[in-house]
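Peer 1: To start, I am sharing the structure in question, which I have written as C-alpha cells.
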Amino acid sequence: MDRRTFMGTLAAAGAALPLLDRTALAQTPLKTKNVVFVHGLFADGSCWSKVIARLQTRGVSCTSVQNPLTSLAAASEAARRAITAQPGPTVLVGHSFSGMIVTEVGVDPKVTALVYVAARAPDAGEDYTALAKNYPTPPASAGIVFEDDWGQLSEPAFLHDFAGDLPPEEAKVLYAVQQPFKKSLTTDKTTHAAWRSKPTFYAVSTQDRTINPDLERFMAKRMGAKTIEVDASHLALISHPDAITNLVLEALAV
C-alpha cells in the first residue's frame with residue numbers, strides 16, 4: 001500500500017472513531033520512541049511541556065528545540081541538529097509557524113512521521129502568505145507589534161487571540177516568555193514538502209484566531225493527513241494536551 005492510500009485509509013478510519021476508541025488506539029505499542037518538537041512564533045520550547053510530560057510516562061524520549069526565529073534556514077538547522085542527536089527513528093512535531101520547519105526538514109530519513117498542530121503546511125516553494133490570503137485574516141494578525149525588524153504579539157492580542165482558552169494567569173506567563181521573530185522569517189519558503197512522502201497527522205484548532213481554521217482544514221486535507229479537530233484556541237498543545245498527546249502517540253505507532 002502506498003503512502004497516499006495508507007493515509008487516506010487511516011484518515012477515514014480515524015474520522016469514524018469515537019474518542020474512547022482513539023484513546024485505546026493511542027495505547028497500542030509504539031514503533032518509534034523519540035520525538036522532536038519545534039515551536040512557532042510568539043512562543044519558546046517550553047510550550048510543549050504538558051505534552052512532553054505525558055509522553056515521558058510512556059517512555060518516550062522528547063526534545064524541544066529552541067527555534068531561533070531569525071530565518072527558516074537557521075530554524076531548520078536547529079531542528080536538524082536535534083534530529084541527528086536522537087538515538088533512533090523520530091517523530092517530528094510542529095506548532096504554528098514551525099509547520100514550515102516540519103515540512104522542510106521532515107524529509108530526513110530518520111523521521112518516521114510528521115505531526116502538525118494548528119500549523120502551517122506549505123508545499124515546496126509555495127508562498128504561504130499568498131495561500132493564507134484565500135481565507136479571512138485571523139484577528140491575531142492585527143496585534144503584531146514591530147520594533148525595527150523584530151515582531152511580537154501585544155499583550156491584549158496574546159491573551160485574547162493567541163491563548164484565548166487559557167486561564168489569564170497562565171496566558172500572562174506565556175506572554176512573558178514569548179520570543180520575538182525577525183520580520184523576514186515570514187517571507188521564507190520551503191524547498192521540500194516532507195508531507196508528500198511521510199505519514200502525516202494534523203490537529204485543527206476550531207477556535208483558532210491566529211491561523212484561520214478553514215485554512216488549517218485545507219492544508220490537512222491537501223496533505224491527506226489523519227486529522228482531528230480540537231475545540232481550542234491556537235494553543236491546543238497547552239489547553240488540550242491529552243488530545244495532542246494522543247495524536248502524537250498515534251504517529252509513534254506508525
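The values are calculated or read from the model by the stated rules, or taken from the named source; none is laboratory data. Here the structure is a predicted model, which means the values were calculated and not measured. A quick note on method: Cβ atoms are made from the backbone with ideal geometry, for glycine too, and the neighbour counts reach across all protein chains shown. For the accessible areas, the whole protein counts, side chains as well, though only heavy atoms, and no ligand, DNA or RNA atoms are used. Shrake-Rupley method; radii C 1.70, N 1.55, O 1.52, S 1.80 Å.
Peer 1: Just to be sure I understand the filter: pairs with C-beta atoms under 7 Å, separated by 6 or more residues or on different chains, first member in region 38-59 and open to solvent by less than 10 Å² (accessible area, probe 1.4 Å), second member part of a helix (DSSP H, G or I) and not hydrophobic (A, V, I, L, M, F, W, C). Which pairs pass?
Peer 2: Listed pairs, sorted by first residue: Val38/Ser98; His39/Gly45; His39/Ser98; Gly40/Ser96; Gly40/Ser98; Val51/Pro241; Val51/Thr245; Leu55/Thr245.
Peer 1: Please work out which residue is most open to solvent (accessible area, probe 1.4 Å), limiting yourself to region 103-161 and to residues that are assigned to a loop (DSSP other than H, G, I, E, B) and hydroxyl-bearing (Ser, Thr, Tyr). Spell out how you get there, then give the answer.
Peer 2: As a first pass, look at region 103-161 and keep what is assigned to a loop (DSSP other than H, G, I, E, B): 106-110, 118-127, 133-138, 148-149, 154.
From what is left, the residues that are hydroxyl-bearing (Ser, Thr, Tyr) are 135, 137, 154.
Working: Tyr135: 54, Thr137: 109, Ser154: 33 Å².
Applying the filter and picking the extreme gives Thr137.
Peer 1: When you check Thr190 against the structure, is it hydroxyl-bearing (Ser, Thr, Tyr), farther than 23 Å from Pro68 by Cα and open to solvent by less than 10 Å² (accessible area, probe 1.4 Å), yes or no?
Peer 2: no
Peer 1: Let me ask something else. Of all residues in region 162-177, which are in a helix (DSSP H, G or I), among the small types (Gly, Ala, Ser) and surrounded by 15 or more Cβ atoms within 10 Å (Cβ to Cβ)? Before the answer, list the steps.
Peer 2: Within region 162-177, the first condition is being in a helix (DSSP H, G or I), and the residues that meet it are 162, 168-177.
With among the small types (Gly, Ala, Ser) added as a condition, the list becomes 171, 176.
Once the filter is applied, which keeps residues that are in a helix (DSSP H, G or I), among the small types (Gly, Ala, Ser) and surrounded by 15 or more Cβ atoms within 10 Å (Cβ to Cβ), region 162-177 yields only Ala171.
Peer 1: Consider region 220-245. How many of its residues are touching a helix residue (DSSP H, G or I) at 6+ places or on another chain (Cβ under 8 Å), open to solvent by 30 Å² or more (accessible area, probe 1.4 Å), within 11 Å of Phe201 (Cα to Cα) and not in a strand (DSSP E or B)?
Peer 2: So the count comes out to 0.
Peer 1: Additional query: Specify which of the listed residues (Glu155, Glu104) is more than 18 Å from the chain's Cα centre (by Cα) and of a type in the set (D, E, K, R).
Peer 2: Glu155
Peer 1: Scan region 197-217 residue by residue and report those that are in contact (Cβ under 8 Å) with a residue 60 or more places away in the chain and either surrounded by fewer than 20 Cβ atoms within 10 Å (Cβ to Cβ) or in a helix (DSSP H, G or I) (or both).
Peer 2: Ser197, Asn212, Asp214, Leu215, Glu216
Peer 1: Ok, one more. Any idea which of (1) outside any helix (DSSP H, G or I); (2) open to solvent by 40 Å² or more (accessible area, probe 1.4 Å) is the one Gly94 doesn't satisfy?
Peer 2: (2)
Peer 1: Looking only at residues that are loosely packed, with under 12 Cβ neighbours inside 10 Å and outside any helix (DSSP H, G or I) in region 1-26, which one is modelled with the lowest pLDDT?
Peer 2: The extreme case among them is Met1.
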